1. Just to be sure, is residue B:341 among the aliphatic types (A, V, I, L, M), assigned by TED's automatic domain parsing to the domain that holds residue B:373 and out of contact with any strand residue (DSSP E or B) (no Cβ under 9 Å at 6 or more places or on another chain)?
2. For residue A:147, indicate whether it is within 14 Å of another protein chain (Cβ to nearest Cβ) and touching a Phe, Trp or Tyr at 6+ places or on another chain (Cβ under 8 Å).
3. Of all residues in the stretch B:14-29, which are in a helix (DSSP H, G or I) and among the charged types (D, E, K, R)?
4. Specify the residue that is surrounded by the fewest Cβ atoms within 10 Å (Cβ to Cβ); the eligible residues are those in the stretch A:54-97 that are in a helix (DSSP H, G or I) and within 14 Å of chain B (Cβ to nearest Cβ).
5. Working only within the stretch B:74-112, note down all residues that are outside any helix (DSSP H, G or I) and not hydrophobic (A, V, I, L, M, F, W, C).
6. What's the total number of residues in the stretch A:109-141 that are surrounded by 20 or more Cβ atoms within 10 Å (Cβ to Cβ) and either part of a helix (DSSP H, G or I) or over 19 Å from the mean Cα position of the chain (by Cα) (or both)?
7. Which helices (runs of 4 or more DSSP H) sit wholly inside the stretch A:142-233 and have at least 2 residues that are of a type in the set (Phe, Trp, Tyr) and over 22 Å from the mean Cα position of the chain (by Cα)?
Amino acid sequence: MKIKHLLAGGSLLALSTLPVAHAGATLDAVKAKGFVQCGVSTGLPGFSATNDKGQWTGLDVDVCRAVAAAVFGDASKVKYTPLTAKERFTALQSGEIDMLSRNTTWTLTRDTNLGLNFAGVNYYDGQGFMVHKSLGVKSATELDGAAVCIQAGTTTELNLADYFRSKGMKYTPITYDTSDETVKGFEAGRCDVLTSDQSQLYALRIKLKDPNSAVVLPEIISKEPLGPVVRNGDDDWLKVVRWALFAMINAEEMGVTSKNVDEVRKTTKDPGKQRLLGLSGIKGQGLQIRDDWAYQIIKQVGNYAEAFERNVGQGSPLKIARGINALWKDGGIQYAPPIR
Amino acid sequence: MSDASSEKAPAAASFWRDPEKRAWLFQVLVVAVVLALFGYIFQNTLHNLEKRGISTGFAFLNNEAGFGVLMSLIPYDETYTFGRTFLVGLLNTLLVSAIGIVFATLFGFIIGVARLSSNWIISRLAALYIEIFRNLPLLLQILFWYFAILPLLPHPRQSIELGEAVFLNKRGMYLPAPITESGFGWVLAALGVAIVASVFIARWARHRQDTTGQTFPVFWTSLGLIVFLPWLAFGITGFPLSWEYPELRGFNFRGGITVIPELFALALALSIYTAAYIAEIVRSGIQSVSHGQTEAAYALGLKPGQTLRLVIIPQAMRVIIPQLTSQYLNLTKNSSLAPAIGYPDLVALFAGTTLNQTGQAVEIIGITMGVYLTISLSISAFMNWYNKRMALVER
C-alpha cells in the first residue's frame, strides 16, 4: 500500500515536471527504448494475469503483445505494469506507461475529462451480479437490502447505484481496493452479492474455493465496452494501437490464423489478404512502422478468434461464449474498418 | 556599525565583506530560487494538464457523486455531491483515528507498566506482545484481523443474539439506537452539573489537603454524583428515552446502530500495533525516573500504587509525551490503509473513488494531503500545549 502511494505520488510529480510531448512522441520514444510499457490489471484470469511460468497472458495482454509485434516484429518486447483500478489513469496520464490495456470501460467522462483516448473495443461487456447459491436468489430484482462487494474506482460503483435507485431498492456497498480482496470479502460472507463486469464474474468465480457455491444472475445492467487506452494528443501512437487491434479482427474475418498465415502469405491471390499481410497497398507507411506489421501480429499473437478462445473462450477455464463479441457477420458486433 | 559610520570608514563600500548584508543576500536568493522552482512546477503542471485535455479546478466538488457509501456519520446517499463524500470520508477518518488513539493509549499504558512488573510471567508476556506486534507490518495485521474475524462470525440469519437487542454477524454488530423524547435535555443538563460539581469538589479537596492535610474521597463522591444526578433527572422527567431495536428483514437487519466489521478490524489493528510502541515509550519514561524516587516514596510510606500514580508517572510523562505525540500522528496517518479492507475513509472515498470518477488527481491528492497535514498539525499543537503544562516548572 505504501509503495502504491509512493507510486501515485511519483506519478503526480512526473505529471508536473514532464516536458510537453509533441505529437508522435510516444511512438518515437517506444521505438527508441525498444519495448512497450503496458498497464494491465493486478490479476484477472482471462484478461491479464500471470500464468504458472510467471508470464503475463490474457485477452488484454494480447493487445499489448500485438502492438509490440507491429512495432518491433517481436511480441515479447512488452514490459507490464500491474495497476489497480484507482491507479490506472494517473499512470497513463503521467507517462509511466505507454498504453493501458486493462478491462477499462469507454465512457464519455473518461474520453473527455481525463486527457485520454480510447483506441477501440476488444471486448463488449456488461455488468452483472454473482450471489451465493445458498441464498436462493434467482433474479437481481430480489436483491433489495443486500450487501454488495465492489472493486473501488470502477464504473461498476456508479452503475450499481443507478440500478438500485431506479428500482427503488436499498443496498450496502462494501468497496475493496483489488479484485482479490473483493473475492475474499465475498467468500468470507461479508456480502451477499459481488458485482462486476460479467466476464470478470466468471473469472472471479473460478478463483473461489468452491466455484459451484456461487451463481451468476442473468441480468445485465449496463453497457461496458472495454478497450485499450492511450494519452490524448498523440495521434500517431493512437493509430498504431487502434490498427493493431483492427488487424486481429480483420484477420479473423478473412480466415487468416497464426497457423496458416505463412502459407496464405506465399500463395494468396486475394488482394484483401495481400494488403493485410503487407504485400501490397500502403503497408506500414501510414502508421510509420514496419511493412509486415499485421503479419507479425497474426503470426505471433493470432487473430481475434484465436486470442478470444485461448484466453476466455473454450480453450480456457472461463468458457465464455462469443455472444456479442462474435464478428458482425456471425451475429455479433465486432467489426473493424477495412485495411486498404 | 555605529563606529564605522562615525569614522567614515570605507567598510560600507565593500558589500561582500559585510557578513550581515551577505547573509541577507543569500537568504533572499534561496527564497527566490525556491519560489521560482515552485512557480515553475505549478505553471508547468497547469500547462501539461491543459495540453493533455485534463480538467482542472474545484468545480467537481459540486457535481453529484452517484455512488453509495458503506458507512456515514452524516446523512448521505447517491444524490449528494463529491464535496459531501469528502466530508463523509473525513469524518470516518477522524472517527477511526480517535478510537484508535484512545485504545492504543489505554493498551499501551497497561502493557508498558506490565513490562516493568516484578512478576516474571506478566513482564515476559508484555515483552512478547511488544515484540510480536511491533515487528509485523501493519497492513498484514489489518488484513489478518479482518479476514480472520469474518469467517468466525455467523451469517445474518443465524446471528448471535444478546437479549434480542444486540445482534452479531458477518455484517457487523447491531445495537439498539436510543431515541430521545422531550425532557431528555434535563438528563444531559444534570450530567453537566454533576461534572462541573466534581471539578469543584476536586479543587476544594486539594486545597483542603494542602492546608490541613486531611484527605477527602474525591473519586467516590464524583462517581456518585455523575451516576446519581442524571438518573434522578431521568426518573423525574418520566424516563424520556426509547430504543429502536434492529430487526431482521430480508437479507439483513435494519434499524438501530450498526458497527461495521471494517471499522472494528481497522481500529483494533491500529490500536494493537500502536500500543506496542506506546508500551515501549511508557517503559522508557518510567525507567527514566531514577530508582531513588521510588525508594524515597516507599520510605515516606506511600503504597506501590500511590508511588506509581503520584511520584513516578507525573515525572515520566515529561519523557513520554513528546514521543506519544509522534505515535498519535503515525496512527492517524496509518489509518489511510483503510481501503485495503474496504473501510470508507478519506483515502478510500475521496482519493480513491472520487479521484477515479473525476480524474482530477492533482486537486484531490492536494486536498487529501492538506487534510492529513491539518489533522497532524492540530494533534501536534494540542500535545505541545499539554507538554508545556506537564513540563518541569523551574523556579
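The values are calculated or read from the model by the stated rules, or taken from the named source; none is laboratory data. Here the structure is a predicted model, which means the values were calculated and not measured. Here the Cβ is made from the backbone with ideal geometry for all residues, glycine too, and neighbour counts use every protein chain on show.
1. So residue B:341 fails the test.
2. yes
3. Listed by number, the residues that qualify are B:17, B:20, B:21, B:22.
4. The selected residue is A:91.
5. B:75, B:76, B:77, B:78, B:79, B:80, B:81
6. Of the residues in the stretch A:109-141, 5 are surrounded by 20 or more Cβ atoms within 10 Å (Cβ to Cβ) and either part of a helix (DSSP H, G or I) or over 19 Å from the mean Cα position of the chain (by Cα) (or both).
7. In the stretch A:142-233, A:155-166 are the helices (runs of 4 or more DSSP H) which contain 2 or more residues that are of a type in the set (Phe, Trp, Tyr) and over 22 Å from the mean Cα position of the chain (by Cα).
Residue-by-condition table, conditions (1) at positive phi; (2) surrounded by 23 or more Cβ atoms within 10 Å (Cβ to Cβ):
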site	(1), (2)
B:255	yes, no
B:263	no, yes
B:305	no, no
B:311	no, no
B:331	no, yes
B:339	no, yes
B:357	no, yes
